[in-house]
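Here's the structure we're looking at; comments come further down.
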């Protein structure tokens, strides 16, 4: 008899989905997923069947596809299927076949879910899979998240068979005489998971016959511990992080140094920003040293400043140079919008705002250029004698590297720098008593695209 009451109770207890919602079942044709389809059918839930043919086992893969199609017809539910040239795609992307198949199927399942009006995707992982996953994570190295194994629900992905062990599924399939497909690759120990299942776990069960139940209980405890830690870390972030309007985050070094246990909390604090343990260990070794060192993840950068860390997103692309001719009245560079106008010098009031620059029109050579600063750049700061390197000028302002790279530099047509926008213009091009016409640049910082492109 199908364990229908346990099945429904598990769904309700874990709030996997509501009875009126539609679920897309990922069906391979194997014993586990076939049982899941029959449970959904007997519970009278609304569902469809999706099957991926990875073309890895020739006629056997085609047989799996035919079987799943026939199962959908028998249960009178929608059937979706696709084929992937998995080996070719794995080589192209530099992935193992298993990883390539995983990415392909989950991406395809999500596209079917979204396009066909399903609320969730159900996969047939069971309690014994959790045991294997935790052991595999421990062997490869893991944080706390790897100890809770497989969760019943993660976003739009649900696992409604996690209340069953593998031996229970075998027994139910035999008693119900369920037809299913055997995957011969499941008996090969060349895959790490199979090796654990076939060789390691049987030995562990000699020590603890209730290994799956023990791991399931442990996983619940680790999940509660992870939730507690996440709450504590979120509170820590709120106290540590100072977020600027540009989105950069400033973090006091003194506060970070006092964290205990330091290694664990640093990793958890910066985990959303994809910093590895090795990078964070290097940070700890360096944060009493010279300012200016940079630490990067795949998505973010940490700049070690004098008394703070500055966390910012990596810029995907360098902002292009913008040419400004005599007819240009406005332009946008990154998050800055510039209004440009001409005025008579007589009677003009010169503003002291750092966001406005005034130039003698007769000294400008068009086209002008807006760009990033470059190594070796120099200018003659307004009100000062002699030239100054931009690198030294920025150091004097105590600008971090992330801010330096976002400062617009206005260049004259002859290559001279006219203005470090927002900070200082050049002495050589200032308005004097001999000036007749004046070119005025007004800069506005945009906090969204609507502001920039009004």
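The values are calculated or read from the model by the stated rules, or taken from the named source; none is laboratory data. Computed from a predicted model, the values in this text were never measured in an experiment. Cβ sites come from the backbone with ideal geometry, for glycine too, and all protein chains shown count toward neighbours.
So how many residues does the range 160-204 have that are surrounded by 14 or more Cβ atoms within 10 Å (Cβ to Cβ) and either touching a strand residue (DSSP E or B) at 6+ places or on another chain (Cβ under 7 Å) or on the phi > 0 side of the Ramachandran plot (or both)?
Of the residues in that region, 7 qualify.
If you check 256, 264, which single one turns out to be under 18 Å from residue 147 (Cα atoms), out of contact with any helix residue (DSSP H, G or I) (no Cβ under 6 Å at 6 or more places or on another chain) and either in a strand (DSSP E or B) or not assigned by TED's automatic domain parsing to the domain that holds residue 335 (or both)?
The unique qualifying residue is 264.
Which residue, of 252, 289, 239, 247, is at pLDDT 90 or above and in contact with a strand residue (DSSP E or B) (Cβ under 9 Å, 6 or more places away or on another chain)?
Only one candidate passes the filter, namely 252.
If a residue has to be part of a helix (DSSP H, G or I) and either in contact with a strand residue (DSSP E or B) (Cβ under 8 Å, 6 or more places away or on another chain) or in contact (Cβ under 8 Å) with a residue 60 or more places away in the chain (or both) to count, how many in the range 10-40 make the cut?
Matching residues across the range 10-40 total 12.
Being in a helix (DSSP H, G or I), under 17 Å from residue 30 (Cβ atoms) and modelled with pLDDT under 95 narrows it down to one of 230, 194, 218, so name that one.
Within the list 230, 194, 218, the selection yields 194.
Taking the range 142-161 as the region of interest, how many residues are over 21 Å from the mean Cα position of the chain (by Cα) and either closer than 15 Å to residue 34 by Cα or without any contact (Cβ under 8 Å) to a residue 12 or more places away in the chain (or both)?
The total comes to 3.
Among the listed residues 118, 109, identify the single one that is surrounded by 16 or more Cβ atoms within 10 Å (Cβ to Cβ), part of a helix (DSSP H, G or I), touching a strand residue (DSSP E or B) at 6+ places or on another chain (Cβ under 9 Å) and in contact (Cβ under 8 Å) with a residue 24 or more places away in the chain. Quick ask: steps written out before the conclusion?
Details: 118 fails: part of a helix (DSSP H, G or I).
Residue meeting the stated conditions: 109.
Residue 2 versus (1) modelled with pLDDT under 95; (2) loosely packed, with under 14 Cβ neighbours inside 10 Å; (3) in contact with a helix residue (DSSP H, G or I) (Cβ under 8 Å, 6 or more places away or on another chain); (4) farther than 24 Å from residue 193 by Cβ: which is the lone unmet condition?
Status for residue 2: all satisfied but (2).
Results for (1) at pLDDT below 95; (2) under 25 Å from residue 244 (Cβ atoms); (3) surrounded by fewer than 19 Cβ atoms within 10 Å (Cβ to Cβ); (4) in contact with a helix residue (DSSP H, G or I) (Cβ under 9 Å, 6 or more places away or on another chain), shown as yes or no for each residue.
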{"residue": "368", "(1), (2), (3), (4)": "no, no, no, no"}
{"residue": "376", "(1), (2), (3), (4)": "yes, no, yes, yes"}
{"residue": "384", "(1), (2), (3), (4)": "yes, no, yes, yes"}
{"residue": "390", "(1), (2), (3), (4)": "yes, yes, no, yes"}
{"residue": "396", "(1), (2), (3), (4)": "yes, yes, yes, no"}
{"residue": "412", "(1), (2), (3), (4)": "no, no, no, yes"}
{"residue": "441", "(1), (2), (3), (4)": "no, yes, no, no"}
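Only one residue in 49, 66 is surrounded by fewer than 17 Cβ atoms within 10 Å (Cβ to Cβ) and in the same structural domain as residue 106 (by TED's automatic domain parsing), so which one is that?
On the way: 49 fails: surrounded by fewer than 17 Cβ atoms within 10 Å (Cβ to Cβ).
Checking each option against the conditions leaves just 66.
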